[in-house]
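The values are calculated or read from the model by the stated rules, or taken from the named source; none is laboratory data. Since this is a predicted model, take the numbers as computed values, not measurements. No Cβ is skipped: glycine too gets one built from the backbone with ideal geometry, and neighbour counts run over all protein chains shown.
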Amino acid sequence: MSSYLSVKEAQQRILKVFNVKPVEFVVLEQANRRVLAQDIIANVNLPPFDNSSMDGFAVRTEDVKLATHDSPVILQVVADIPAGISPALTIQPGQAARIMTGAQMPKGADAVVPVEYTDASQDPNSRLPEQVRIFHAPRPGEYVRPTGQDVRQGQTVLNAGRKLSPQDIGLLASLGVTPVPVYQKARVALLTTGDELIQPDQPLTPGKIRDSNSYTLAAMIEMSDAIPIRLGNAPDDPLVIQKYLDLAVDQKVDLILTSAGVSVGTYDFVRNIIEQHGHLEFWRVNMRPGKPIAFGAYKGIPLIGLPGNPVSSFVGFMVFVRPILQKMAGIPQGRGDFLRVRLAEPVESDGRETYFRCSISVEKGVLTATLAGHQGSANLVGLTKANALLIVPAGVKSLPTGAELEAWPISSDFA
Ligand code: AMP
Ligand code: MG
């Protein structure tokens, strides 16, 4: 077993082959969850002009510094400034302008007194008064949002490699950044193989099972910022499997993913096909589940052959495919999403690097892992109950309650 590749070495050998995708430009409506391909440097100030943060009156603080509720200062109202115009006048001593939230401050004024601190009507349809009584002495700048308060021109506001959120998209819109530079999505061809497979909308017949892997894997590809191209399901027939793989070659995909047929069974053809029509880098990794993982190329296109068992293919995807797709998507690599957890029960392993399905909860302030359901590599329910994969390192065969391990969250949004 020690002749098998370690998980780490297999990961490194696979990752080497892939590069970040080229840049493309998408409109803001399509930018959510895409990965930014360039740093965004503001080419304007935000806000672009001094503006009022309240409905009220733009004043000169000098004029109203003695204003109180009992001794108001009376100012002449010389203008009405709604949002959207650029006032031309300058407020002179003794004058004020009615101003709305978001409207540009007039020259001369250096503060806003909210309408609540004046005798003016708060009715939206009220006529412009000739005079206003000011009951409050504002500080210079009070209720004024100064130019550049949010963003300074020249400032880097978002960094390349960031997966854009709705908030980010709002900021890009405010800065006029459209279209947005993002990394192209990788295209991943997906082929399931197996004579026993039928599709989910077909009734079960003797000896058959429903294909679950193509659905799980396609969803995982999408959640890893790539585009699944479903080739379909090939029977255990080398010539037919090749025909499907040729479709992927025609489409110039970035990666071919296959499911099943890479082990040592009589009908496991995928490995042979890669050996004959490309090259096989390795096909066994010292891990559990998912020992038979093939990596190589078919007619020049990188190919990963995942095992057929549903849990094995899920784990194989997490460990080997997701890092590739993140690399191609331009997401910085890191182990940032791993958690340190304590075991709630003793755990036995066989010395391979093992990924148990577990459920993590907080017990007395400590992240604690309990095994979730039956750990067999064909059993999907344990996987649905789990919120993380618990990683027992290679070489470890038994761990007591309370031992500290790493776990990898896999909840609804594993990306
Ligand atoms: P194999 O790698 O062909 O030996 O398959 C290993 C196990 O995975 C077998 O029990 C298969 O029936 C099962 N299996 C293969 N492909 C799928 C699939 N697409 N969905 C669910 N189970 C599968
Ligand atoms: Mg099979």
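Here region 253-292 is the region considered, the condition is being away from ligand 1 (no atom under 12 Å from the Cβ) and among the charged types (D, E, K, R), and the residue that is nearest to ASP237 (Cα to Cα) is GLU275. Only residues that are surrounded by 14 or more Cβ atoms within 10 Å (Cβ to Cβ) and of a type outside the set (A, V, I, L, M, F, W, C) were counted in region 15-37, giving 4. Looking across ASP337, ASP254, ASP250, one residue alone is among the acidic types (Asp, Glu) and farther than 30 Å from ASN159 by Cβ. It is ASP250.
Kindly check whether there is at least one residue in region 189-200 that is hydrophobic (A, V, I, L, M, F, W, C), under 27 Å from LEU257 (Cα atoms), surrounded by fewer than 18 Cβ atoms within 10 Å (Cβ to Cβ) and within 16 Å of ligand 2 (Cβ to nearest atom). Within region 189-200, one or more residues are hydrophobic (A, V, I, L, M, F, W, C), under 27 Å from LEU257 (Cα atoms), surrounded by fewer than 18 Cβ atoms within 10 Å (Cβ to Cβ) and within 16 Å of ligand 2 (Cβ to nearest atom).
Inclusion of ARG357 among residues that are over 15 Å from PRO393 (Cβ atoms), touching a Lys or Arg at 6+ places or on another chain (Cβ under 8 Å) and basic (Lys, Arg) is warranted. Residues in region 177-189 that are under 23 Å from ASP250 (Cβ atoms) and either part of a loop (DSSP other than H, G, I, E, B) or near ligand 1 (Cβ under 10 Å from one of its atoms) (or both): GLN184, LYS185. Pairs meeting the criteria (first residue in region 343-372 and part of a loop (DSSP other than H, G, I, E, B), second residue of a type in the set (Lys, Arg), beta carbons under 6 Å, at least 6 apart or on different chains) are SER349/LYS397; GLY351/LYS397; ARG352/ARG288; ALA372/ARG357; ALA372/LYS385. Residue-level check: of (1) away from ligand 2 (no atom under 16 Å from the Cβ); (2) loosely packed, with under 14 Cβ neighbours inside 10 Å, ASP237 misses just (1). Against the test of being in contact with a helix residue (DSSP H, G or I) (Cβ under 9 Å, 6 or more places away or on another chain), assigned to a loop (DSSP other than H, G, I, E, B) and not assigned by TED's automatic domain parsing to the domain that holds ASP80, the options PRO200, PRO138 yield a single qualifying residue, PRO200. Among the residues of region 144-160, the ones that are touching a helix residue (DSSP H, G or I) at 6+ places or on another chain (Cβ under 9 Å) and surrounded by fewer than 17 Cβ atoms within 10 Å (Cβ to Cβ) come to 1 in all.
Being of a type in the set (A, V, I, L, M) and away from ligand 2 (no atom under 16 Å from the Cβ) is true for just one of LEU280, LEU306. Which residue is that? So the residue among LEU280, LEU306 that is of a type in the set (A, V, I, L, M) and away from ligand 2 (no atom under 16 Å from the Cβ) is LEU280.
Do we have ALA394 as surrounded by 18 or more Cβ atoms within 10 Å (Cβ to Cβ), in contact with a strand residue (DSSP E or B) (Cβ under 9 Å, 6 or more places away or on another chain) and in a loop (DSSP other than H, G, I, E, B) here? Spelling it out, ALA394 is indeed surrounded by 18 or more Cβ atoms within 10 Å (Cβ to Cβ), in contact with a strand residue (DSSP E or B) (Cβ under 9 Å, 6 or more places away or on another chain) and in a loop (DSSP other than H, G, I, E, B). Scanning region 253-279 for residues that are out of contact with any Lys or Arg (no Cβ under 7 Å at 6 or more places or on another chain) and in contact (Cβ under 8 Å) with a residue 40 or more places away in the chain yields LEU255, ILE256, LEU257, THR258, SER259, ALA260, GLY261, SER263, TYR267, PHE269, VAL270.
Based on this model, can you work out whether MET328 counts as touching an Asp or Glu at 6+ places or on another chain (Cβ under 7 Å), at pLDDT 95 or above and under 22 Å from LEU380 (Cα atoms)? Against the criterion (touching an Asp or Glu at 6+ places or on another chain (Cβ under 7 Å), at pLDDT 95 or above and under 22 Å from LEU380 (Cα atoms)), MET328 does not qualify. If you check ALA248 against the conditions, is it within 32 Å of the chain's Cα centre (by Cα), within 14 Å of ligand 2 (Cβ to nearest atom) and within 30 Å of ALA329 (Cβ to Cβ)? No: the conditions fail for ALA248. Inspection of region 83-92 identifies no residue that is under 30 Å from GLN167 (Cβ atoms), polar (S, T, N, Q) and not in a loop (DSSP other than H, G, I, E, B). Any residue in region 166-173 that is exposed (fewer than 13 other Cβ atoms within 10 Å of the Cβ), in contact (Cβ under 8 Å) with a residue 24 or more places away in the chain, closer than 27 Å to VAL27 by Cβ and of a type outside the set (D, E, K, R)? Looking through region 166-173, at least one residue is exposed (fewer than 13 other Cβ atoms within 10 Å of the Cβ), in contact (Cβ under 8 Å) with a residue 24 or more places away in the chain, closer than 27 Å to VAL27 by Cβ and of a type outside the set (D, E, K, R).
Within region 127-155, the set of residues being more than 13 Å from PRO47 (Cα to Cα) and among the basic types (Lys, Arg) comprises ARG127, ARG133, ARG139.
I'm checking my understanding of the structure. Among residues of region 217-236 that are touching a residue at least 12 places away in the same chain (Cβ under 8 Å) and part of a helix (DSSP H, G or I), which one is nearest to ligand 1 (Cβ to nearest atom)?
Going through the qualifying residues, I end up with LEU217.
With the requirement that a residue be of a type outside the set (Ser, Thr, Tyr), closer than 17 Å to LYS291 by Cα and within 16 Å of ligand 1 (Cβ to nearest atom), what does region 350-408 give you? Result: GLN375, GLY376, ALA378, ASN379.
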